Amino acid sequence: MTGPRLSIIPARAATDRALKPRDLQVLCVLGRHTDELGWCTKSQVKMATEMGCARSTVFEAIERLLTAGYLERHVVEQSNGRDAPHLYRIILDPVHPGLSELRPEPDDGGEDPADQSAPPAGISAPPAGPGPAPKNDPLRTNLREGAREEEKKIEAEGWALLKNWPGFDGMPKEPAMRIWRTLDAEERATARQRFLPWLTLLRSQKKSHIPAPSTYLTERLWQAVPDPTDAPAAPVVAAPFGKAWGARRMIVMLAGSGPLPEPKGFSAKLIKDGGELGRREELARQATYGFPEVSRMHQLAADGKGWTLRPETEPLEAALELMAACRVGSDEYRAWKALHDERGWPWLPDPGRQEWVYFPVGGPDGLEAFEQAVRGNHDAGGREAAE
């Protein structure tokens with residue numbers, strides 16, 4: 001017998017009726033390759049080959065496992081821009097929903113309940129009092145929800161800093177994340193703010209080795225960087241089809257297309273003949289070759305990956321204020337599709353189960369206001385001089 005003998009997965013998945021057979025199979029395949037902390041890196045293409053199914057089937061199963069709380073996923077992108085297998089962690093034990101409320105019983109000096117005999121059969125518990133059953137305290141519930149939101153924010157900021165650490169492509173970042181969670185708010189903010197100046201400092205010192213992220217956090221290496229007054233913020237990852245992702249995509253296309261390769265064969269003949277067919281061919285070629293950044297955004301989004309933005313070079317404040325959610329398949333959605341065809345812009349990849357995507361507010365009629373706001377944001381000094 002070759003290959004792993006065991007697959008480590010949570011037992012509750014075996015009887016979870018919300019999971020499909022393929023979901024359980026994918027979970028078992030991942031469970032064959034996890035380390036002692038539950039982590040593994042596995043290509044969806046290889047998983048599909050092992051299971052004898054399409055890659056899209058594996059992708060959909062992973063999405064359901066993430067939603068059901070059986071998996072944790074961290075996207076990995078290599079420094080050269082190529083895709084890499086994602087990191088997965090199988091969640092063996094769910095987080096206790098009321099962990100903060102668990103308290104030991106007060107010691108009143110009485111007999112230890114563990115030493116007491118069970119009550120005789122047939123004796124029921126005493127009846128409840130006449131008052132209503134106690135209700136959950138809304139304040140406590142809100143506090144718990146607020147704490148969970150804060151934890152999510154801390155996690156997101158940590159992964160934005162650590163996921164593309166130079167020289168550590170594909171390496172597990174969870175050890176560094178454990179250190180990140182122990183830092184206070186001021187330390188986390190300073191670590192993020194001084195990260196890029198710290199890299200610049202290493203290069204200026206001709207350092208050939210970049211310390212590991214866990215070393216950076218444990219030894220507070222950011223303290224070697226002088227207080228930067230205008231230090232650039234750490235890169236952030238814009239979620240696919242989200243507000244920042246949609247704003248960046250629209251800004252790139254409004255800036256105009258890049259140079260196109262020379263048409264050949266039948267395409268060149270259509271363009272040379274002109275007319276409606278020639279014009280359509282030119283627009284189609286522009287959509288295919290004219291916006292390489294947008295095309296790359298679309299490729300990553302099709303795999304559920306976001307786009308890395310650098311706030312210091314991509315000010316999006318004015319653009320974000322003019323972005324609005326658009327329901328997939330609606331009349332407005334179809335109107336945006338028609339505008340893309342008319343301008344020779346690449347249309348969105350299949351959003352899958354994504355119900356909403358973001359476009360400038362007001363539909364295609366609001367695009368001019370969006371463009372003016374963005375241009376004003378990037379050229380405020382010239383506008384003020386004209387006024």
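Selection of first residues in region 308-329 that are assigned by TED's automatic domain parsing to the domain that holds residue 251 and of second residues that are modelled with pLDDT of 90 or more and of a type in the set (Ser, Thr, Tyr), restricted to Cβ pairs under 8 Å at least 6 apart or on distinct chains, gives the following pairs, ordered by first then second residue: 323/358; 324/358; 325/358; 326/333; 326/358; 327/333.
Within region 360-386, the only residue that satisfies the criterion of being modelled with pLDDT of 90 or more, within 19 Å of residue 256 (Cβ to Cβ) and not in a helix (DSSP H, G or I) is 360. All of 256, 274 fail the test of being farther than 25 Å from residue 375 by Cβ and exposed (fewer than 14 other Cβ atoms within 10 Å of the Cβ), apart from 274.
Looking only at residues in region 72-93 that are part of a strand (DSSP E or B) and at pLDDT 70 or above, the one that is surrounded by the most Cβ atoms within 10 Å (Cβ to Cβ) is 88. Every residue in region 149-190 that is under 19 Å from the mean Cα position of the chain (by Cα), part of a helix (DSSP H, G or I) and not charged (D, E, K, R), please. Selection gives 154, 156, 158, 159, 160, 161, 162, 176, 177, 180.
Quick grid of which residues meet (1) over 20 Å from the mean Cα position of the chain (by Cα); (2) at pLDDT 90 or above:
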| residue | (1), (2) |
| --- | --- |
| 295 | no, yes |
| 304 | no, no |
| 310 | no, no |
| 316 | no, no |
| 327 | yes, yes |
| 331 | yes, yes |
| 335 | yes, yes |
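The values are calculated or read from the model by the stated rules, or taken from the named source; none is laboratory data. In this text the structure is predicted, and so the values were computed from the model without any measurement. Because the Cβ atoms are built from the backbone with ideal geometry, glycine has one as well, and the counts that use them run over all protein chains shown.
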